[in-house]
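What follows is calculated from the coordinates using simple rules that are stated; it is not laboratory data. Being a predicted model, the structure only gives us computed values, none of them experimental. Cβ placement follows ideal geometry from the backbone for every residue including glycine, while neighbour counts extend to all protein chains displayed.
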């Protein structure tokens, strides 16, 4: 706490002042982390991610993981749904995280965007069975690069990016086919990797094009992670997990307040179309019902 206030121009705090500030902040953060979600929903789109923090435990410095989820609420604003500190990013940790979100009233989820961590994907399927999963395009590109010959990567990367530059779902799928044809002749492993990931990479095409840029990657959450890092760099190594919850939770509560006061992240008209599964038919231009699964309870 003393390190943090020095960044605000305050030279020092007494132990009693620190204690009072910590108690007040803890109460605020706990209320934020455990608030009911049903009144603000439905949360049409959700994004989940994790970031690592260093903490002292048992006389040594270890890595702890902050699990984080954001969502777009019924008013079209983003908000941080929850954060939790875990020993590591495991399936059990993500299961507990999503179980808590559902218990607090998370509902109406159409799509969850995340990386392909197996435990996270399984938790999404288990607790939000009516939601589709979008594999983050940015994380996927890094995964694909790891198996692609270095000299071929610029061409493959350019074609992969071109998939997302298309004007409609039909064109996206057609360009993906051209990408598969290109790599199938030269890079069998890359072609198999792409083919296996296709449905998850292109899940965004089931929604109106107006929202593609907000749902096909975790980039908006990564920007939030950078803000968290900016605020936690002054601490470096946290003394306890509770200290992580206190500071990161306060940052996330503050960010949620700023989002609530700012402009809508998504318009109410496009959100309504997403909830009703109304997307334009690429062959006729008319609005039709998509094949998305039913709303999550």
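Below are the figures for this structure:
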item	result
4 °C / 1.567 mPa s Stokes-Einstein diffusion coefficient of the stretch 43-148, Kirkwood radius on C-alpha pairs, µm²/s	88 µm²/s
Förster-model FRET efficiency, 35 Å R0, residue 126 and residue 225, C-beta, rounded to 0.05	0.90
Least to most buried among 83, 145, 159 (fewest other Cβ within 10 Å first)	145, 159, 83
Distance between modelled label sites at residue 75 and residue 170, nm, 7 Å Cα→Cβ extension	4.0 nm
Residue order, fewest to most surrounding Cβ atoms within 10 angstrom, among 265, 182	182, 265
Part-to-part distance (alpha-carbon centres) for the stretch 51-92 and the stretch 210-235, which is given in Å	13 Å
Peptides 72-79, 51-58, 99-106 ordered by average Cβ neighbours within 10 Å, highest first	72-79, 99-106, 51-58
Sequence of 135, 229 once ranked by neighbouring C-beta atoms within 10 Å, starting from the fewest	229, 135
Nearest-0.05 FRET efficiency for residue 103 and residue 276, computed from C-beta distance (R0 25 Å)	0.40
